[in-house]
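In what follows, a structure is listed as structure tokens, so that the remarks can point back to it.
The values are calculated or read from the model by the stated rules, or taken from the named source; none is laboratory data. It should be emphasised that the depicted structure is a prediction, and the values quoted were computed from it without experimental measurement. Every residue, glycine among them, receives a Cβ derived from its backbone with ideal geometry; neighbour counts consider all protein chains shown.
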Amino acid sequence: MKLLVKTSLYYAIASLLFFTVAGFIILFNFNDVIDNDINDFLINREEIATTQIVNDIPVAALNNYEQIIKIVKNKKEIDNLIFKDTIVYDIIDDAFHSYRKLNVIRKIGPTFYDITIFKSLIESNLLITEILKPMLFVFLGLLIFLILGNLIISRGLWKPFKKTLITLENYELGSTKSIEFSETKTQEFNQLNTMLNSMIKKIHYDYLNLKEFTENAAHEIQTPLAIIRNKCEILLQSEKLSDNELKHTKSIYNSCLRLSKINHGLTLLAKIESGAYDNSNKINITNVLKNQVEHYIEAVELNQLSIKTELKQQIHFNINPDLIEILISNLIRNAIKHNISNGSIQIITSKNSIRFSNSGNKSQIDTNQFKRFNKSNKNSLGLGLSIISKICLLNNIQLKYTYENGLHNFDLNF
């Protein structure tokens with residue numbers, strides 16, 4: 001959920017709770033005012049009735065549907081006003097209606113009078129309903145106005161932050177262009193941009209140092225490795241070495257070759273990740289594939305493998321020429337290396353896709369082989385599929401691995 005939507009949601013919930021509580025308070029106070037007004041009306045009516053009794057007006061003449069006066073015997077509780085809500089049957093409407101009732105015992109002369117005054121609550125209830133309706137609409141309108149206002153205002157206030165995110169998203173670590181954030185009128189956003197600038201400069205500086213170190217280390221390591229390899233080759237050609245010395249020398253030579261390949265693979269991965277192959281052109285992938293197949297045909301025959309190709313479909317894609325050669329070369333070498341005795345290789349092109357298939361046991365390769373130094377056999381460096389995966393990821397090429405009918409399938413979808 002976006003921050004703007006989240007804050008607006010919390011704001012709406014808080015406003016709704018506030019308006020609900022405020023509405024109950026207003027309703028309670030309004031009811032209290034109406035109740036007091038009705039009670040005052042009943043008291044006033046009772047005082048009029050008492051005055052009429054004092055003036056010797058007959059009780060029978062004073063009784064009606066809203067006023068009942070009875071002469072009662074001696075009562076201890078006199079002048080005690082009792083208010084009560086009740087329901088009275090209305091003959092005219094043929095229905096029961098709510099009424100407020102006042103009951104009091106008055107002693108006028110030697111006689112006790114039970115006076116009951118009624119006041120209909122229909123008008124009061126209608127008044128409350130008519131007042132609550134516009135209040136509800138006002139509250140809802142105010143709530144909607146506040147939420148929309150908050151959304152519009154917040155969207156404007158958060159625009160600089162969104163610009164900062166877009167700037168960060170478009171920034172490339174290996175780029176020579178410096179990152180620039182827009183100046184804002186909000187102090188907090190300016191502080192954020194300043195801190196981001198400082199962090200990015202430090203990261204870029206560390207990145208350049210690491211890149212330089214990697215390149216220098218890779219270059220410097222190759223020289224002593226080449227010397228060791230040459231010395232080993234000289235020793236291997238010597239007739240003075242014993243079988244044991246020859247065995248150890250050959251082991252050193254093989255380890256040197258392996259270390260040289262690992263160094264080359266890691267350097268290649270570092271260059272790919274650092275954007276050294278950013279320049280891309282429209283490449284005919286099918287032609288590159290044909291050239292690579294011809295290049296490895298001798299290796300295929302030496303490993304006693306058969307190869308079948310169907311390269312009629314032309315595929316064009318924007319990619320660095322060196323990277324596509326590395327990608328296809330690694331896939332063909334992978335098919336040769338992870339094959340079985342008298343196995344087969346199939347390379348088939350279809351619309352915007354290439355399938356590399358090779359025979360092999362199911363346990364030889366799995367999806368974990370796309371990680372560095374995960375090996376399907378002891379002779380593997382564990383970098384080939386990692387390089388393949390990295391090239392595909394950086395160039396938006398979909399790489400899919402499946403195992404079907406004794407064949408390992410690598411599909412490239414451009």
Check: LEU17 is checked against (1) under 30 Å from ASN103 (Cβ atoms); (2) modelled with pLDDT of 85 or more; (3) of a type outside the set (Phe, Trp, Tyr) and fails just one. What number does that condition carry?
Finding: (1)
Next item on the list: Please name all residue pairs, on different chains or six or more residues apart, with Cβ atoms under 7 Å, provided the first residue is in the stretch 190-213 and is without any contact (Cβ under 8 Å) to a residue 12 or more places away in the chain and the second residue is assigned to a helix (DSSP H, G or I) and surrounded by 11 or more Cβ atoms within 10 Å (Cβ to Cβ).
Entry: none
Checklist line | Residue ID - modelled with the lowest pLDDT, chosen from residues in the stretch 181-194 that are closer than 13 Å to LEU168 by Cα and either more than 27 Å from the chain's Cα centre (by Cα) or of a type outside the set (S, T, N, Q) (or both) | finding: PHE181
Next item on the list: Evaluate the following for SER124: is it touching a Lys or Arg at 6+ places or on another chain (Cβ under 9 Å) and assigned by TED's automatic domain parsing to the domain that holds SER15?
Entry: yes
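Would you mind listing the strands (runs of 3 or more DSSP E) fully within the stretch 301-386 where at least 3 residues are at pLDDT 90 or above and surrounded by fewer than 16 Cβ atoms within 10 Å (Cβ to Cβ)?
306-310
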Checklist line | Hits in the stretch 389-414 - residues which are of a type in the set (D, E, K, R) and either free of Cβ contacts under 8 Å to residues at least 24 places away in the same chain or within 19 Å of GLY360 (Cβ to Cβ) (or both) | finding: LYS400, GLU404, ASP411
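Looking at this structure, is GLU183 acidic (Asp, Glu), assigned by TED's automatic domain parsing to the domain that holds LEU16 and either assigned to a helix (DSSP H, G or I) or loosely packed, with under 12 Cβ neighbours inside 10 Å (or both)?
no
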Next item on the list: Name the residue, out of ASN150, ASN209, that is exposed (fewer than 13 other Cβ atoms within 10 Å of the Cβ) and assigned to a helix (DSSP H, G or I).
Entry: ASN209
Note to self: Taking the criterion of being surrounded by 17 or more Cβ atoms within 10 Å (Cβ to Cβ), within 26 Å of ASN216 (Cα to Cα), of a type in the set (Val, Ile, Thr) and in contact with a helix residue (DSSP H, G or I) (Cβ under 7 Å, 6 or more places away or on another chain), would at least one residue in the stretch 261-268 satisfy it?
What the structure shows: yes
